[in-house]
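FYI, it's all coordinate maths here, none of it is from the lab. It should be emphasised that the depicted structure is a prediction, and the values quoted were computed from it without experimental measurement. Cβ: placed from backbone, ideal geometry, glycine included. Neighbour counts: every protein chain shown.
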Amino acid sequence: MAERAPGRGGGDVSTTVDRPASVPAPAEPSRPGPVSWLTTTNHKHIGIMYCVTAFAFFLIGGALADLLRTELAEPGRQLLSNEAYNTTFTIHGTIMIFLFVAPFGAGLGNYLVPLQIGAPDMAFPRLNALSYWTFAGGGLLVLLSGFAAAGGGTATGWTAYPPLSESRLSPSIATDLWIFGLALVAMATLLTGINILTTVFLMRAPGMTMWRVPIFTWNMVVTSILGLVAFPPAVAAFGLLFLDRRVGGHAFDPLGGGDPVIYQHLFWFLGHPEVYILILPFFGVITEIIPVFARKPLFGYLGFVLATLAIGALSVGVWAHHMFTTGVVDNPFFSAMTFTIAVPTGVKFFNWIGTMWGGKIRLATPMLFTIGFLLNFLIGGVTGVLLASAPIDFQIADSYFLVSHFHYTMMGGAVFGIFAAIYFWYPKITGTMLRESLGRWVFYLLFFGFNLTFWPQFVLGLRGMPRRIVDYSSGLGFETPNLVSTIGAGVMTVAVLVFLADLWISRRHRIPAGDDPWGGSSLEWATTSPPPEHNFDAVPRIRSSRPAFDLHHPELEP
Amino acid sequence: MRLFWALAAFFVGLGVVYWVLTYEWTGTVLLVVAGLMPLIVAGWATHAGSTRTSLPDDDPEGTPADGAGQELGEFPEATGWPVFIVLGIVLTGAALVYGLILLPAGIALLGWSLVGFIRESRH
């Protein structure tokens with residue numbers, strides 16, 4: 001049961017006391033038992049549950065990735081059968097995208113958005129609980145579709161293109177479970193999106209105008225809008241696919257007169273905004289972190305918000321750059337749109353560097369991960385511009401170049417953002433610090449291992465190795481890069497183990513953090529760590545986008 | 001508010017451009033519908049904004065005292081229903097996948113938990 005993530009107890013409903021959590025607001029925060037975790041409507045508890053569950057999925061997905069890399073270490077077959085390999089990369093991709101990065105962003109949003117705008121909770125706390133459990137149920141089904149379904153796991157790739165995903169070619173019920181699980185995850189995203197938008201628009205503290213809202217919250221707003229725009233078409237696609245498979249529909253089956261390309265349109269209309277749903281929360285995270293550790297205000301707040309809005313809007317018009325090689329989409333249109341989206345992203349890099357420029361930078365662990373994010377994401381972004389050019393894409397589509405490109409954005413970007421967020425906000429969430437020394441080790445191992453894993457994959461892609469193959473011949477120049485890549489995956493695994501050790505040590509021997517260990521500037525640093533049930537005993541006066549900084553340094557207030 | 005008007009205009013505009021360039025139905029419909037959705041929010045916000053005085057939230061000089069007495073609602077009690085709703089959905093879905101014999105149980109669980117969830121929100 002992956003949703004019973006570590007740190008939340010067994011969740012055994014039947015043996016515990018009845019309804020300890022329905023006592024109205026106890027003065028002293030009692031240690032929550034399993035039933036209160038199951039029934040909570042508090043945005044902070046739900047945020048933590050989202051993050052812990054998502055991280056548990058990360059561990060599963062990471063273990064699958066290690067399996068894949070071990071299989072590919074050298075020519076010949078190592079561990080996995082053909083079918084097992086296909087299932088493994090399908091579930092690895094699905095978990096990392098839909099069950100780890102996106103829900104981790106949703107969890108951070110749940111925890112931080114009300115704190116950052118000075119609200120006591122989300123606008124719809126009960127809906128919030130429902131969306132968490134919907135996500136958990138959907139995640140469980142996706143896991144089942146990989147491991148526990150009769151007739152073999154689902155093996156369609158995370159994109160599940162028909163006709164491969166039609167029942168002729170994927171008869172196992174695992175694919176049905178997968179479809180259904182993702183529909184649930186989509187529903188959870190919609191509910192969370194509505195919740196966050198309502199919270200930000202209607203529950204800000206007095207004086208917290210929209211132009212003073214922290215960048216992380218702004219990015220969650222744009223993320224939520226994108227979720228609302230992008231997920232319904234994908235649910236429609238999954239629904240039609242389900243009808244094709246179970247009821248004998250022919251929406252996407254060319255043998256019945258259907259059109260598989262329509263599935264690709266619907267899927268990528270989700271799929272491309274989805275990558276911005278994945279990355280935007282972590283753009284927000286590092287935009288919170290850089291000013292704190294550069295000890296300067298953010299350079300260009302307004303430009304940053306407008307750039308985020310521009311990315312959000314443009315990202316809806318680029319979906320078919322995933323379909324250049326189908327030959328039936330308007331390549332110049334999507335190429336041009338995709339080049340355009342690089343411009344606001346460049347504006348953001350300009351803002352980040354401008355914020356660091358001339359600052360007195362403290363290289364604490366969150367800042368290290370942030371700098372790692374900038375370096376990796378830049379490579380990911382630039383190779384994305386290459387891929388956006390249709391003539392180049394025709395050469396390297398579906399090669400390891402593409403695999404490396406999106407790992408540089410998703411893992412080098414989003415996952416480094418996740419670690420930055422964990423090290424930055426862990427003191428706020430628990431009231432205790434993580435170990436700085438171990439944190440540095442995690443960073444250096446992860447950064448080194450990551451580049452060791454994925455840089456050789458650019459080479460592999462240019463030498464012509466296609467993605468999604470279980471084996472390759474020797475003598476094609478594939479051996480050395482693959483071996484190096486597998487070693488890098490091992491280094492990253494060590495990094496994650498060191499991180500888990502860090503968590504364990506920091507829970508056993510607690511170092512009190514105080515309310516504001518970093519000298520933060522947004523409103524969550526003005527309350528206690530961990531925050532009380534209702535978040536703020538007294539909301540401070542808000543006169544700028546840095547209310548906590550103004551509170552702690554009244555002499556500098558404008 | 002203006003944000004949603006702008007989004008609607010952008011998506012519909014992009015949809016028209018896309019149609020003129022490609023004559024491809026799927027993308028055009030997706031873009032235009034994506035443009036119509038923000039209109040709901042924008043329309044509501046414009047309507048509500050015209051009939052309501054401004055919130056202290058949006059006053060750059062607002063102080064916490066301005067928000068005093070503002071009714072934000074109350075904390076809801078802890079609720080166990082979401083877990084059962086999701087179990088109901090999962091069971092119903094499993095019925096569609098594994099066999100319709102599970103369907104009555106799934107629908108019953110889903111209905112029971114939905115009714116419970118809604119009744120609980122009334123008090």
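Within the same chain, lysines fewer than 8 places from A:LYS360 are excluded, and of the rest, those with a Cα less than 27 Å from its Cα are A:LYS296, A:LYS348, A:LYS428. The calculated FRET efficiency for A:THR159 paired with A:ALA63, based on their beta-carbon distance and R0 = 22 Å, is about 0.50. With θ taken as phi - 60° and the Karplus curve 6.51 cos²θ - 1.76 cosθ + 1.60 applied, the whole-hertz 3J(HN,Hα) list for segment A:86-93 is 4, 4, 5, 6, 4, 6, 4, x Hz, x standing for glycine and proline.
Annotation: amide H of A:SER399 within the under-5 Å range of A:ARG467, sequence separation 5 or more or interchain, hydrogens built in the peptide plane. With each label modelled as a point 7 angstrom along the Cα→C-beta vector, the A:ARG543-A:ASN82 pair spans 7.2 nm.
Peptide A:215-228 is shielded by partner chain Cβ atoms: per residue, an average of 1 of them sit within 10 Å of its Cβ. Across peptide A:125-138, the average count of Cβ atoms from other chains found within 10 Å of a residue's Cβ is 5.
Computed extension length for A:LEU375-A:ARG246: 41.8 nm, one decimal, from 0.36 nm per residue of separation with the Cα-Cα distance subtracted. Shielding by partners for peptide B:88-95, expressed as the average number of C-beta atoms from other protein chains within 10 Å of each residue's C-beta, is 5. First measure r as the distance between the Cβ atoms of A:SER389 and A:TRP357, then evaluate 1/(1 + (r/R0)^6) with R0 = 30 Å and state the FRET efficiency to the nearest 0.05. Efficiency computed from Cβ-Cβ geometry: 0.45. Please label the shape of segment A:241-395 as rounded, prolate or oblate, based on the square roots a ≥ b ≥ c of the eigenvalues of the alpha-carbon gyration tensor (a/c under 1.5 means rounded; beyond that, a/b larger than b/c means prolate, else oblate). Prolate, because a/c is 1.5 or more and a/b exceeds b/c.
Scalar couplings 3J(HN,Hα) for segment A:69-74, obtained by applying the Karplus form with A = 6.51, B = -1.76, C = 1.60 to θ = phi - 60°, are 5, 5, 4, 8, 4, 8 Hz; x denotes Gly and Pro.
Between A:LEU302 and B:LEU96, the simple label model (points 7 Å from Cα in the Cβ direction) yields a spacing of 4.9 nm. Using a cutoff of 8 angstrom between alpha carbon atoms and counting only pairs six or more residues apart, the relative contact order for chain A works out to 15 percent. Would you mind counting up the charge near A:ARG77? Only other residues with Cβ under 11 Å from its Cβ, with Lys and Arg at +1 and Asp and Glu at -1. Within the 11 Å Cβ shell, the charges total -3. Oblate is the label for segment A:339-486, because the ratio a/c of its alpha-carbon gyration tensor axes (a ≥ b ≥ c) is 1.5 or higher and a/b is not greater than b/c. What shape does the protein assembly as shown take by its C-alpha gyration tensor, where a ≥ b ≥ c are the square roots of the eigenvalues and a/c under 1.5 counts as rounded, a/b above b/c as prolate, and the rest as oblate? In terms of gyration-tensor shape, rounded.
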